[in-house]
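Participant: This structure is in structure tokens; I'll ask about it shortly.
The values are calculated or read from the model by the stated rules, or taken from the named source; none is laboratory data. Predicted model only: the values in this text are computed from it and were never measured. Note: ideal-geometry Cβ built from the backbone for every residue, glycine included; neighbour counts use all protein chains shown.
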Amino acid sequence: MFSDKEQFKEVFLRKLEMTYGKSVEETSKRDQFHVLGMMVREYISKDWIKSAEKARTSKSKQVYYLSIEYLPGRFLGNNLLNLGITGLIKDGLNDLGIDLAEIEDHEADAGLGNGGLGRLAACFLDSLASLSLPGHGCGIRYKHGLFEQKFVDGFQVELPEQWLRHGFVWEVRKPDLAEEIPFWGTVESYSDGGRLKFRHIDAVKVLAVPYDVPVVGYQNKTVNTLRLWSAEPSPVPWQKDIMKYKRETEAVTEFLYPNDTHDEGKILRLKQQYFLVAATLKSIVGTFRKKYKDIHRFHEMVGLHINDTHPVLAIPELMRILIDEENLTWDEAWKITTQCISYTNHTTLSEALEKWPVRILAPLLPRIYMIIHEINERYCQELWQEYPGNWNHIEQMAIIAHGEIRMAHLAIAGSFSVNGVAKLHTEILKTREMQNFYKLYPDKFNNKTNGITHRRWLMKANPELSGLITEAIGDGWKKSPEELEMLNQFDNDEAFLRRLREVKRTKKHQLADRIHKNTGLKVNVDSIFDVQVKRLHAYKRQLLNVFHILYVYNRMKEDKQYKPYPRTFIFGAKASPGYYYAKKVIKLINSVAEKVNSDCEVNKYIQVIFLENYNVSLAEEIFPATEVSEQISTASKEASGTGNMKFMMNGALTIGTLDGANVEMEERLGRDNIFIFGLHADQVLNYLSNGGYSPYDYYHGDERIQLICNQLINGFFPNSSDQFEAIFDSLLTENDQFFVLRDFASYISTQRKVEAAYQDEKSWSKKSLKNIAMSGFFSSDRTVKEYADEIWKIQTI
Ligand code: 26W
């Protein structure tokens, strides 16, 4: 262990030698990363043990956040920051001629998530620990996280991700705490002292082995736990075909499913969901049993939060434990279960709402199916009391219908709290998507607007800006991010605004270096850095951004006098491997990049950069360097967005629709400090229910649109002329479901306003400052406090 720089250096050198049998000079950066990681883990361990002991012995309620995805990225820099030892380590390594940043680069990203939902879970863990709240993460230790993306000829190619190749230094394997998870088999009934009981027999068992990862709070000695379960063969020697058994068990946690929103309905995915839930609940009930005698008080001591419906089987699984193993009656078990479970919905897109065919779920999880069936029976009886004779209504709200189990309905029926992730989103749930349920259970519904951890996304990603902020308003904002509002007093301070611009320029230079390193392209740091980074989805409308680029390009070609203010358009986006349309848009962005970047008439003014393999680490370099943040989803479709908040916190200005949390950003910023365009949510929803939109009117009525649409199919992209028909058809044949053409004119004219505003340097800096100052609300500390106070009812320890 170490407590000062000199001691650190001594221990570091000794460990490096002992671990690798080499002198410092001979060790690789990876060796150095590994040893530093081990030292930091040791440094954490005392507080980790103490925090775990507190959780075990204290009589306070514990919350478990169940999520099929976590997207934490790298841990080293974050742990150093939260432990408050970045400076010590940096200086110590410097003395040894080692650059900390270089070492950090050798940590693989933990990419156990697809996008927003997984990253939100990671931000929440950071906030829970930093607020000293007794909240822990429960997830799956996928051997391969989200695929690695490469571009070949402009097409996306997916490679298996290998984050565990060199080991994961932060985890602790706990084989003694392994649990057996049963699949398949049958249910038999028996009589237990005259009482009818059920048990699951002839099951195939998979061993769930936990790996614990410390979650370090910000300078508060709290270290919570993220427990990730890994599937292994169970040691029972009953299998004939042992190789097949081994393969099939390990397969359960081999890959993260790479789709967000579209549900594939694959049996392996369902296995993952039950595996997470069953392992987690076994371990929680076991811990509870050691501590308390009375299972009737389970819900007073334990909160279970389900992150979307993916872990919704926690409801029937808890019922099973309480009835089959703890011998409670149905009514007792239901009371406890429904007071334990809270549920967050993250999307209203219908294709994302999980539904499992009974024919798949019932044989895989026979006892669980029986319980879901019974929940449905009783729930439909309740509906019958409420809506006697109204079969249609009951069928619409049922948990099981037409041979399918609707997981969102199960989540609502079996929980005491249902929340959306931004005001607008929650309103849409209440008044549209879930209005029947809202009528029945108005008290269950509530909003918790998303947030992001300002520690990773401002303090760690942008130390230059953090330093400037602290110089100006002190460092209270680090623990109370709402204090960022104090920055408003510098609104007219020329010197301060200049320094704000200098910071942005430094970060732009750093990103330009990264772009050069990754792509070989040199970008103009004097140009506006205009960025759209997020998963590729039709509703997020990367296509609208592309249309703007093509519009500027076409205008320059047509009018040689026209010189737009220089802009660098930066994209990062992975498409789900089976999402045909999204992959076409990737190819299109790359084709536009090729066209624009190779044309010396335009490339002095506009450039297009599509960075491969967008992930958390790359994001940390992108957000601080951005000046224009693209948040241009079709209104009503983006539940919240969280990238929007990261940009705002780093002083970018948003061009966006009134969708998701953009609405609340605008509320805080005022119209002058954000560029809003396009249809409103109610207009979109109105079109969708009543019709009345014809993209042909816009195609024929606007020459700019017509030209761009035609360029998709007329050979304008020389080697790809047949590539983009699907995009053309989505707009014209399939009635442009996401209103790209409808919002085009509004988007283009708003982009012209952005361009003009940028050229008024001082006024732009003021707007940028305002964005930073008003971003405190979007810290996940605020969000998590709201969950803790209003849903979980837990207190700081
Ligand atoms: C079944 C397949 C599947 C997989 C993932 C369906 C749905 C999902 C997620 C719910 C998709 C997701 O990440 N949603 C995003 O959640 C963020 C955090 O709340 C929001 O900020 C984003 O708006 C929302 O799209």
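Participant: Considering each of VAL552, VAL616 in turn, give the residue that is away from the ligand (no atom under 16 Å from the Cβ) and either in contact with a helix residue (DSSP H, G or I) (Cβ under 9 Å, 6 or more places away or on another chain) or basic (Lys, Arg) (or both).
Facilitator: Unique residue meeting the criteria: VAL552.
Participant: Within the stretch 345-366, restricting attention to residues that are assigned to a loop (DSSP other than H, G, I, E, B) and of a type in the set (Val, Ile, Thr), which residue is farthest from the ligand (Cβ to nearest atom)?
Facilitator: Ranking the candidates gives THR348 first.
Participant: So is GLU594 farther than 25 Å from ALA757 by Cα and either within 14 Å of the ligand (Cβ to nearest atom) or in a loop (DSSP other than H, G, I, E, B) (or both) or not?
Facilitator: no
Participant: So, one more: Here are some residues: LEU544, LEU497. Which one is in contact (Cβ under 8 Å) with a residue 60 or more places away in the chain, more than 28 Å from the chain's Cα centre (by Cα) and part of a helix (DSSP H, G or I)?
Facilitator: Numbers: LEU544 fails: more than 28 Å from the chain's Cα centre (by Cα).
Going through LEU544, LEU497 in turn, just one is in contact (Cβ under 8 Å) with a residue 60 or more places away in the chain, more than 28 Å from the chain's Cα centre (by Cα) and part of a helix (DSSP H, G or I): LEU497.
Participant: Same structure again: Going through LEU146, LEU125, LEU117 one at a time, which residue ends up being within 18 Å of the chain's Cα centre (by Cα) and part of a loop (DSSP other than H, G, I, E, B)?
Facilitator: LEU146
Participant: Could you tell me which residue of the stretch 249-264 is farthest from LEU159 (Cα to Cα), considering only residues that are away from the ligand (no atom under 16 Å from the Cβ) and touching a Pro at 6+ places or on another chain (Cβ under 9 Å)? If you could, list the steps in order and put the result at the bottom.
Facilitator: In the first step, residues of the stretch 249-264 are kept if they are away from the ligand (no atom under 16 Å from the Cβ); the result is 249-254.
Subsequent filtering for residues that are touching a Pro at 6+ places or on another chain (Cβ under 9 Å) retains 249-250.
On the way: THR249: 23, GLU250: 20 Å.
Restricting to residues being away from the ligand (no atom under 16 Å from the Cβ) and touching a Pro at 6+ places or on another chain (Cβ under 9 Å), the top hit is THR249.
Participant: Only one residue in ILE267, ILE242 is surrounded by fewer than 23 Cβ atoms within 10 Å (Cβ to Cβ) and away from the ligand (no atom under 16 Å from the Cβ), so which one is that?
Facilitator: ILE242
Participant: Looking only at the stretch 754-797, how many residues end up being free of Cβ contacts under 8 Å to residues at least 60 places away in the same chain and in a helix (DSSP H, G or I)?
Facilitator: Total satisfying the criteria: 3.
Participant: Among strands (runs of 3 or more DSSP E) lying entirely in the stretch 168-246, which contain 2 or more residues that are closer than 18 Å to PRO72 by Cα and touching a residue at least 24 places away in the same chain (Cβ under 8 Å)?
Facilitator: 204-216, 223-233
Participant: If a residue must be of a type in the set (Ser, Thr, Tyr) and not in a helix (DSSP H, G or I), how many such residues does the stretch 443-479 contain? I'd like the intermediate steps shown before the answer.
Facilitator: Going through the stretch 443-479, the residues of a type in the set (Ser, Thr, Tyr) turn out to be 449, 453, 466, 470.
Still in the list and also not in a helix (DSSP H, G or I): 449, 453.
So the answer is 2.
Participant: Just need a number here: residues in the stretch 716-762 that are surrounded by fewer than 16 Cβ atoms within 10 Å (Cβ to Cβ) and at pLDDT below 95.
Facilitator: 4
Participant: If VAL531 meets every condition in (1) over 30 Å from PRO577 (Cβ atoms); (2) in contact with a helix residue (DSSP H, G or I) (Cβ under 9 Å, 6 or more places away or on another chain); (3) of a type in the set (A, V, I, L, M) apart from one, which number is that one?
Facilitator: (1)
Participant: Of the numbered conditions (1) in a helix (DSSP H, G or I); (2) touching a Cys at 6+ places or on another chain (Cβ under 9 Å), TYR64 fails exactly one; give the number of that condition.
Facilitator: For TYR64, the exception is condition (1).
Participant: Something else now. Kindly establish whether LEU328 is modelled with pLDDT of 95 or more, on the phi < 0 side of the Ramachandran plot, in a helix (DSSP H, G or I) and crowded, with 16+ Cβ neighbours inside 10 Å.
Facilitator: no
Participant: Can I ask one more? Under the condition of being aromatic (Phe, Trp, Tyr) and over 30 Å from ALA55 (Cα atoms), which residue from the stretch 207-263 is nearest to the chain's Cα centre (by Cα)?
Facilitator: So, considering only residues that are aromatic (Phe, Trp, Tyr) and over 30 Å from ALA55 (Cα atoms), the one nearest to the chain's Cα centre (by Cα) is TYR257.
Participant: Checking the conditions here, which among LYS61, LYS50 is in contact with a Gly (Cβ under 7 Å, 6 or more places away or on another chain), touching a residue at least 12 places away in the same chain (Cβ under 8 Å) and farther than 23 Å from PHE168 by Cβ?
Facilitator: Among LYS61, LYS50, only LYS61 is in contact with a Gly (Cβ under 7 Å, 6 or more places away or on another chain), touching a residue at least 12 places away in the same chain (Cβ under 8 Å) and farther than 23 Å from PHE168 by Cβ.
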